[in-house]
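The values are calculated or read from the model by the stated rules, or taken from the named source; none is laboratory data. Since we're looking at a predicted model, the values are computed, not measured. Glycine also receives a Cβ, built like all others from the backbone with ideal geometry; neighbour counts cover every protein chain displayed. When the accessible area is computed, the model is the full protein with side chains, heavy atoms only, and any ligands, DNA or RNA have been set aside. Shrake-Rupley method; radii C 1.70, N 1.55, O 1.52, S 1.80 Å.
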Amino acid sequence: MNWSNWIYLGAGIALGVIFRQLFVRAPNASSSSPVAPLDQQDMPPISQQLQQTQLAYLMAREMSQFKAGFLARTTHELRSPLSGLIGLHQLILSDLCEDPAEEREFIAQAYERTLKLLKLMDEILSVARTEHGTNKLDIQPRPLAQILEDVHKLTYMLAANRNFPLQLLPADPEIYVLADYLWLRQILISLIDTAITQMEEGSICISSSTVPTSNFVKIWLDVPTHAIPWSEPIDLIKSEDQPPGIDQENAALSPGMRLLINQTLVEVMGGKLEILPLTIAKESHQEISRLQISIPLVIPETELP
C-alpha cells in the first residue's frame with residue numbers, strides 16, 4: 001500500500017468520526033429547542049390549574065358582592081333610627097317645644113332611641129366579630145334532636161299566642177351535627193320568630209333529613225311564602241328621611257337584615273342557608289316556602305371517643 005492509499009484511509013476515518021458526532025448531537029439539539037411542541041401529558045395539569053384559578057376568582061367575586069350587600073344592608077338599618085334622632089334634636093334646637101316639660105320629654109325619647117340604636121350596633125358587631133374569627137365558636141358534635149326540641153319549646157308559645165300551629169317532626173336521635181349549639185339554636189329561633197312576625201295566617205313545620213350521598217344534615221322550616229323576606233329594596237341614594245312623628249320606639253333589625261345575619265352565621269359554621277322554591281301545601285292549600293339549613297354531619301354518639 002503506497003502513501004496515497006494511507007491518505008484516503010485516514011480521510012475516510014476522519015469523515016466517519018465527524019458524521020457520527022453530528023448524528024449523535026442532532027437528537028439532543030432538537031429536544032432542547034425552544035420551539036419544540038409541548039408534551040400532550042402536560043396539558044391536563046395546566047387545564048386543571050386554569051379551572052381552579054377561574055373557580056377561585058368566581059368565589060372571590062361572589063364573596064365580594066355578599067360583603068357589599070351586608071355593608072349596604074347595615075348602613076340602611078342604622079340610617080332610619082339615626083334620622084329619628086336627628087328629627088327630635090331639630091325640634092328641640094328650633095324651639096318648637098311648647099314648654100320645658102315637652103323639651104325634656106323629647107330629650108328622654110332621643111336618649112332611649114340612642115340606647116336601642118347602640119343595641120342594634122352591638123348585635124351587628126357581634127356577628128361581624130364571629131365571621132372574622134375574633135369571637136370563637138364552640139363547634140362540637142351536637143345531637144340534632146335535642147337542638148330541635150329546645151327550639152320548639154322556646155318558640156311554641158310565641159306561635160300559639162298568634163294562633164299559628166308550630167309542628168315539629170322528631171329527628172333521628174342518632175344524628176349528630178357539627179355546630180355551635182347556642183348559635184344554631186339562636187339562628188333557628190330567629191328564623192321562626194321572623195316568620196311569625198310576618199305571618200298573617202298559616203302554620204310552621206320543623207323537620208330534618210339526611211342525604212346518603214352528602215355529609216350534611218338538612219334542617220327545614222316550612223313557612224308561608226309571604227312570611228319570608230325574599231327581597232327588600234335598599235336604595236341608599238334615594239332613601240327618604242322619616243319624619244319625627246313616626247314612632248320608632250320598637251326599632252329593631254328588619255326581617256331582611258336578620259335573614260342576612262343568620263345566613264352569615266350558618267356559613268361561619270361551615271353550613272349554608274337557602275330559600276327553596278315555593279310549593280302548595282296539600283292540607284291547607286296555602287303557598288309555602290322552605291328555609292333549608294345545611295349543617296355538617298358527624299358520626300353517631302356511640303362511635304364518639
With only alpha-carbon pairs counted, each pair once and no self-pairs, how large is the Kirkwood hydrodynamic radius of segment 121-237 in angstroms? 16.0
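Ignoring ligands, DNA and RNA, please state the percent of accessible area on segment 136-192 from carbon and sulfur, probe 1.4 Å.
Values: 1670 of 3120 Å².
Exposed carbon and sulfur together represent 54 percent of the surface.
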Can you give the direction-averaged projected area of the convex hull of the alpha-carbon atoms in segment 99-174, in nm²? 9.2
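Cβ under 13 Å from Gln292's Cβ, Gln292 left aside: what net charge do those residues give with Lys, Arg +1 and Asp, Glu -1? Mind showing how you got there, number by number?
Details: positive: Lys218, Lys272, Arg290; negative: Asp222, Glu274.
So the surrounding residues net to +1.
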In sequence order, calculated HN-Hα J values of segment 88-93 (Karplus, 6.51, -1.76, 1.60; Hz; x Gly/Pro): 5, 5, 5, 4, 6, 5
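Compare Thr114, Thr213 by solvent-accessible area with a 1.4 Å probe and give them largest first, with all protein chains kept in place. Kindly include the intermediate steps, with their values, before the conclusion.
Details: Thr114 65, Thr213 130 Å².
Final ranking, largest accessible area leading: Thr213, Thr114.
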Accessible area (Å², 1.4 Å probe, nearest 10) - Tyr156: 110
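Find how much the distance from Ser126 to Gln198 grows on full extension, using 0.36 nm per residue of separation minus their present alpha carbon separation; answer in nm with one decimal. Don't skip to the end; give the middle numbers.
Working: separation 72, 0.36 × 72 = 25.92 nm, distance 2.49 nm.
Result: 23.4 nm gained on full extension.
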Sorting Glu200, Glu112, Glu102 by accessible area (1.4 Å probe), largest first, what list results? Glu200, Glu112, Glu102
